[in-house]
Amino acid sequence: MQIQINTDKTVERHAGLDEHVQSVVSNALHRFGEQITRVEVHLSDNLGQKSADGDNRCLMEARLTGLQPIAVSDHAATLHQAISGATDKLKRSIETAVGKLHDHKRHAEGVGAASAAVVANVDEE
C-alpha cells in the first residue's frame, strides 16, 4: 500500500508529520493492505475559514482494487486529531465497502450453487 502525503501552503511538511501519517494510516488499514493500492492524504489548515469542528482538515482518498475510490475528511483543532479522525472514517468506509463486495460475491455464488443443485435434481428425475 502506497501512502502519498500532500499539504497546502498553510501546513509545514516535515519528516515527523510524514512519519506520523504513515504510521497511523498503515496501522489502521494494514488488514486491507493487499486490496488498497494507494491512499492519498491531503492536509490543510483553514486559517481564514473558521469551522465549528476546527481549522485543521485531513482529506483521505483510498484506491482499492475492484472498487471506486473512497474519500473521507475530518476537521479538528489539531492536525493529529484530524488525521486520526479521517483515518477512523476511512477504515469504517473501507470495511463497509469490502463487506458489501464480499456479501455480493457470496450471494452470487450461492445463487449459482442453488441453480446447479436444481439442475442436478431435474437431471436425476
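Every number in this text was worked out from the coordinates using simple rules, so none of it is lab data. Note that the structure is predicted; figures quoted are calculated from it, not measured. Backbone-built Cβ (ideal geometry, glycine too); neighbour counts: all protein chains shown.
Tabulated results
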| item | result |
| --- | --- |
| Inter-site label distance for residue 14 and residue 95 at 7 Å from Cα along Cβ, in nm | 3.4 nm |
| J(HN,Hα) series, region 27-32, from Karplus relation 6.51 cos²θ - 1.76 cosθ + 1.60, nearest Hz, glycine and proline x | 5, 6, 10, 4, 6, 9 |
| Filtered trypsin sites (Lys or Arg not before Pro), region 9-86: DSSP coil and at most 14 other beta carbons within 10 Å | 9, 13, 50 |
| Ratio of the Cα radius of gyration of region 1-94 to 2.2 N^0.38 Å, where N counts its residues | 1.03 |
